Amino acid sequence: KAGVTQTPRYLIKTRGQQVTLSCSPISGHRSVSWYQQTPGQGLQFLFEYFSETQRNKGNFPGRFSGRQFSNSRSEMNVSTLELGDSALYLCASSPRGTGREKLFFGSGTQLSVL
Amino acid sequence: GESVGLHLPTLSVQEGDNSIINCAYSNSASDYFIWYKQESGKGPQFIIDIRSNMDKRQGQRVTVLLNKTVKHLSLQIAATQPGDSAVYFCAETLSGYALNFGKGTSLLVTP
């Protein structure tokens, strides 16, 4: 089975722009979560989707949004980029989305905001 | 605030020795804990998990210990190898579907 695939691998944007990141979960996995990783804050939860519904959202401003499609693929969008949004954005999938099962992570998208 | 934290930011061990990575959590309601390993340029990789109704779980060369009395979690790696060099994260699930991660411990294995 293919693992979690995230595209693109690297992105460079400027302040004020918007960006869309893509995630393809492992086949058959219905839950997709997004995390932001920075050296100072570590891994922070952004949101989680299950069957196209956002069930949980972390403490991030409304500029961060996401969605999930019927094939479980997910996208996240960040609008009006700020320098502090520079981070590694990780997507993870799990089979049942119980919150009590291991997450399978992709390699992430490294976003640099200049 | 941070409810899952690590005692040591870096840990250096010699190849062949055992490693112990510690983690503290603050919420006694946490019922699921998990350890991840992250190598440079890669996403976190699952190592082992444990539920709150257990106090020990063993995997291949790894053991997780859970002490609910003092809200402490540890990961033991036996016969540490150079390939074990990575950043290790503990995480907990409180409620809902999110994992709350600690900031990580960097493990360096020296020959």
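The values are calculated or read from the model by the stated rules, or taken from the named source; none is laboratory data. Fair warning: this is a prediction, and the values are worked out from it, not measured in the lab. Here Cβ is always computed from backbone atoms with ideal geometry, including for glycine, and neighbour counts include all displayed protein chains. Just the protein is used for accessible areas: all its heavy atoms, side chains included, with ligands, DNA and RNA removed. Shrake-Rupley method; radii C 1.70, N 1.55, O 1.52, S 1.80 Å.
Dipole magnitude of the protein assembly as shown about its Cα centre, charges +1 at Lys/Arg Cβ and -1 at Asp/Glu Cβ only, in debye to the nearest 20? Display every interim value, and only then the final one.
Details: 22 positive and 15 negative charges, 99 e Å.
The calculated dipole for the protein assembly as shown is roughly 480 debye.
Using a 1.4 angstrom probe, figure out how much accessible area the protein assembly as shown has per residue, in square angstrom, rounded to the nearest whole. Please report the intermediate quantities before stating the final value.
Values: 10630 Å² over 225 residues.
Here the residues of the protein assembly as shown average 47 Å² of exposed surface.
Among B:68, B:56, B:42, which one shows the highest mean-square fluctuation when chain B is modelled as a Gaussian network with alpha-carbon springs under 10 Å?
Comparing B:68, B:56, B:42 in a Gaussian network model of chain B, the most mobile one is B:42.
Can you give the translational diffusion coefficient of chain A in µm²/s, computed by Stokes-Einstein from the Kirkwood radius over Cα pairs at 10 °C and 1.306 mPa s?
Once the numbers are plugged in, D ends up at 114 µm²/s.
Using a 10 angstrom cutoff on alpha carbons, build the Gaussian network for chain B and name the most mobile of B:93, B:69, B:80.
Most flexible of the set in this elastic network: B:69.
Provide the solvent-accessible area of residue B:70, counting protein heavy atoms only and rolling a 1.4 Å probe, rounded to the nearest 10 Å².
Counting only protein heavy atoms, residue B:70 exposes about 90 Å² to solvent.
Rounded, prolate or oblate for the protein assembly as shown? Axes are the square roots of the Cα gyration tensor eigenvalues, ordered a ≥ b ≥ c, and the cut-off for rounded is a/c under 1.5.
Prolate.
Among A:24, A:51, A:33, which one moves the most in a GNM of chain A with springs linking Cα atoms closer than 10 Å?
A:51
In the stretch B:42-59, what residues drop by 10 Å² or more of accessible area when the other protein chains are put back, versus the chain on its own? Use 1.4 Å, and skip ligands and nucleic acids.
B:42, B:43, B:44, B:46, B:51
Which of B:13, B:33, A:39 sits closest to the plus end of the dipole of the protein assembly as shown, meaning its Cα is farthest towards the positive end, when Lys and Arg get +1 and Asp and Glu get -1 on the C-beta?
B:33
When all protein chains stay in place, what accessible area (Å², nearest 10, 1.4 Å probe) is found for residue B:72?
In the full protein context, residue B:72 sits at about 50 Å².
Can you tell me the Rg and Dmax of the stretch B:17-88, counting just the alpha carbons, in angstroms?
12.4, 36
Counting only protein heavy atoms and using a 1.4 Å probe, what share of the accessible area of the protein assembly as shown belongs to carbon plus sulfur, as a whole percent?
48 percent
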